[in-house]
Amino acid sequence: MTVLGIDTSNYATSLALVDTEARTVLAHAKRFLPVPKGQRGLRQSDALFHHTAALPQMLEELNSRAPLDKLGAVAVSVRPRPVEGSYMPCFLAGRSAAVAASLAAGAPLVQTSHQQGHVAAALYACGRPELFGRDALVFHISGGTTELLLCRGYTIRERVGTSRDLYAGQAVDRTGVRLGFDFPAGAQLSALAGECPDEIRPKVSVQGADCSLSGVENQCVRLLEQGAAPAYVAKYCLSYIAYTALAMIRAAHGRYPGLPVVCAGGVMSSDIVRDIVQKATPDVLFVPGLYASDNAIGTALIGAMEVGAWPM
């Protein structure tokens, strides 16, 4: 059986097709939403338009690599997080395409959340399928989320920690745009940070497993005004996030000792963040950028699992 996954987030239009018999990803496609130079995102009406325009061509491209004529199920992210009131119009584009594909194929439609897709993709990419059947701590850090979650597979049981103000991805993108990069700026900021040889250990603001990240944006602005090198500012921003994540993980392990920790979300694909966290806690699991940043792979996997074609 093949299962199509569709995700239309605030950053990217994403498609994926998984083969449940081979238990593998057959094909995937992603296209970032076009954001004008100097801007830090899109209005939801513009995001919805770009998703709607991109989906037909991307489905054609995916079909040329892995035929979509015999789908066993279609899965789609219909909201940001699996909580009451979580809603963004951009997900309407994906849902419309998913409903059409489901009806055309006579295949069941599975609706999930963008966050659960991130969790499922990260657990799959760890190469440890047993994680789908046990409790784990999953760190989801992206443009719209900074949350440390207690999960059983892709089911989110509890939010253990979060940011009280700015999201980590917002800090990264705002700093990157200020440095002249296009939005989203995570990959460019991380590459620039890699040019800085200094070891930076900022003082972070963490209480229990909750954090505050507004200070990192303010400090990056001050550093630039004081003439700091752009590479230093980039590394300062990512180092601040890394040490914040490390403090939150340690606090969570105080409540849930011994649980594996898996990192998801675009910010967690940064080499700077990974190196700092893994140096202090080698057992923390990071995954390749393809599975960490916005994608529909986890969405497709959830669809396969929900229809019983991919046992956990």
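Figure legend. Inter-residue proximity from the stretch 187-211: first residues surrounded by 15 or more Cβ atoms within 10 Å (Cβ to Cβ), second residues in a loop (DSSP other than H, G, I, E, B) and hydroxyl-bearing (Ser, Thr, Tyr), beta-carbon distance below 9 Å, spacing 6+ or different chains. Indicated pairs: Ala187/Ser270; Ala187/Ser293; Leu189/Ser270; Ser190/Ser270; Ala193/Ser270. Among residues of the stretch 103-114 being in contact with an Asp or Glu (Cβ under 8 Å, 6 or more places away or on another chain) and part of a helix (DSSP H, G or I), the one that is farthest from Thr2 (Cα to Cα) is His114.
Considered as a group, the residues in the stretch 154-186 that are basic (Lys, Arg) and without any contact (Cβ under 8 Å) to a residue 60 or more places away in the chain include one that is farthest from Gly266 (Cα to Cα), and that residue is Arg157. When you look at Glu217, is it under 21 Å from Tyr167 (Cβ atoms), open to solvent by 30 Å² or more (accessible area, probe 1.4 Å) and not hydroxyl-bearing (Ser, Thr, Tyr), yes or no? Here the answer is yes, as Glu217 does meet what is asked. Sub-6 Å Cβ pairs linking a first residue in the stretch 243-266 that is more than 14 Å from Ala209 (Cβ to Cβ) to a second residue that is part of a strand (DSSP E or B) and open to solvent by 10 Å² or more (accessible area, probe 1.4 Å), at least 6 apart or interchain, are Val262/Leu285, ordered by first then second residue. Anything in the stretch 148-186 that is open to solvent by less than 20 Å² (accessible area, probe 1.4 Å), farther than 30 Å from Phe132 by Cβ and of a type in the set (Val, Ile, Thr)? List them, or say none. Correct list: Thr175 only.
Residue-level analysis places Ile276 among those that are buried (at least 16 other Cβ atoms within 10 Å of the Cβ), within 29 Å of Glu130 (Cβ to Cβ) and modelled with pLDDT of 95 or more. The residue pairs whose first member lies in the stretch 283-312 and is without any contact (Cβ under 8 Å) to a residue 60 or more places away in the chain, whose second member is of a type in the set (Gly, Ala, Ser) and open to solvent by less than 20 Å² (accessible area, probe 1.4 Å), and whose beta carbons are closer than 8 Å, counting only pairs six or more residues apart or on different chains, are Phe286/Ala292. Checking each residue in the stretch 114-144 for being open to solvent by less than 10 Å² (accessible area, probe 1.4 Å), touching a helix residue (DSSP H, G or I) at 6+ places or on another chain (Cβ under 9 Å) and not hydrophobic (A, V, I, L, M, F, W, C) picks out Gly117, His118, His140.
The values are calculated or read from the model by the stated rules, or taken from the named source; none is laboratory data. Here the structure is a predicted model, which means the values were calculated and not measured. Note that each Cβ is placed from the backbone with ideal geometry, even for glycine, and that neighbours are counted across all protein chains shown. Protein only, heavy atoms only, side chains kept; ligands, DNA and RNA dropped before computing areas. Shrake-Rupley method; radii C 1.70, N 1.55, O 1.52, S 1.80 Å.
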